[in-house]
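Single-structure report; data block below.
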Amino acid sequence: MLSALMQNSNFYLNYTDMVLALVLSAAQGFLVCFVYRYSYRGVLYTKNFSISLVLMAVISSVLIMAVATNIVLSLGMVGALSIVRFRTALKDPLDIVFLFWAISVGIVTGAGLFFLSLFGSICVALIILLMTRLSFTTRPYMLSIQCGRDVSENQIHEVLKKHSSRFHLKAKNKTANHCELTFELRIKEGSDAIVNRISEIEGVTHAVLIVYNGDYVS
């Protein structure tokens, strides 16, 4: 019965469509890689992840074409893939979007839906590029201040009120002769000299302004 099922489940694979699917998957994989590189806002760009996006699109396309040609092979492949576990940690939630995009490109292209794959990739690329260029809110900053213990915090607050739309004290550490303050704030437009104003306060020894992007800085 198994041999009969295998004979009846084999379908002819058009080699022209196969080559076209692989070429389109690779091309769209490079598109995913380019959009990822252009929209990346992290500290350290990982080239290996970009390469994996291209390969993921091609490999997914090969798997889908193999599944489409043989039912028995598809059942075995589902069982084999079910035991695979990915343990690489993704630091940026947007990386999951690019990974899923690359896999979707391979699946749709491998299924022979070439127009849908191309149109979908173009739409996703335009949306990502547009969203990364737009700024819906002012960028958050982290301000770290080191000063003497006797420095008045009211002076610091007055400078922050003048040069920022809002601020919030995140951490405060005091010792016998030293004080360290950390603020999260939104800087007003044209108020980039806030560090200079803070440094001019008598008793402030160190002031650092950092762009804050959640889990990483840039």
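Under the condition of being more than 22 Å from Phe115 (Cβ to Cβ), at pLDDT below 80 and assigned to a helix (DSSP H, G or I), the residues counted in segment 5-55 number 5. Residue-level check: of (1) under 14 Å from Ile198 (Cβ atoms); (2) part of a helix (DSSP H, G or I); (3) modelled with pLDDT of 80 or more, Phe100 misses just (1). Quick one: is Lys91 in contact with an Asp or Glu (Cβ under 8 Å, 6 or more places away or on another chain) and at pLDDT 80 or above? No. Here Ile128 meets the list (1) at pLDDT 80 or above; (2) under 30 Å from Leu209 (Cβ atoms); (3) assigned by TED's automatic domain parsing to the domain that holds Ser52; (4) not in a helix (DSSP H, G or I) almost entirely, failing just condition (4).
The values are calculated or read from the model by the stated rules, or taken from the named source; none is laboratory data. The structure displayed is predicted, hence computed values, not measured ones. Backbone-built Cβ (ideal geometry, glycine too); neighbour counts: all protein chains shown.
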